Amino acid sequence: MDEKIKIIVKNRRARFYYEVIEEFEAGISLIGAEVKSLRSGRVSLKEAYGRPVHGEVFLYGMHIAPYAPASHQNLDPRRPRRLLLHKWQIKRITGKVQERGLTLVPLKLYFKAGKVKVQLALVRGKSKIDRREDIKRRDMERDVERELKDATRG
């Protein structure tokens, strides 16, 4: 089945600051005006995080800019939004967040078959040393690629 996926926004800093342990795909409960705003790309995942509350999982801190033509229906741009997950996924997330001190962070927001989906990840924070090592490793790989490219031109 070839499903069309259109990425709305990615949380590019998430993989830099966190080590991804496990990923989930979830639907998200939105109102029509919010979907229109998403279609125009007016959303930010910068400070967003997920939290299980009473057997449900909510996404906090995601900013969806108000859609101007629907001014009568505009809500708080940072309101908590309910995530649509299977019961076993909610139990798994709840258990891991409570026991192991992991955090639930959205990695990207996208349209899949006309529905808005969120790719969530259970993450553990990286230390400053780990982040520096990642930067060094990336720089070394870039230098090696550049050297190989120059050698083949030569």
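The values are calculated or read from the model by the stated rules, or taken from the named source; none is laboratory data. Keep in mind the model is a prediction, meaning the values are calculated, not measured. Neighbour counts are summed over all protein chains in view; Cβ atoms, including those assigned to glycine, are modelled from backbone coordinates with ideal geometry.
Here are a few things to note about the model shown:
- Scanning the stretch 30-83 for residues that are at pLDDT 90 or above and small (Gly, Ala, Ser) yields Ser44, Ala48, Gly50, Gly55, Gly61.
- The listed residue being modelled with pLDDT under 90 and under 21 Å from the mean Cα position of the chain (by Cα), out of Gly95, Gly125: Gly125
- Which listed residue, of Lys96, Lys46, Lys36, Lys87, is in contact (Cβ under 8 Å) with a residue 60 or more places away in the chain and either of a type outside the set (Ser, Thr, Tyr) or more than 27 Å from Phe16 (Cα to Cα) (or both): Lys96
- Selection of strands (runs of 3 or more DSSP E) fully inside the stretch 19-85 by the criterion of at least 2 residues being surrounded by 15 or more Cβ atoms within 10 Å (Cβ to Cβ) and of a type in the set (D, E, K, R) returns 81-84.
- Residue satisfying condition, being surrounded by 18 or more Cβ atoms within 10 Å (Cβ to Cβ), part of a strand (DSSP E or B) and out of contact with any Lys or Arg (no Cβ under 8 Å at 6 or more places or on another chain), within set Lys108, Lys117: Lys117
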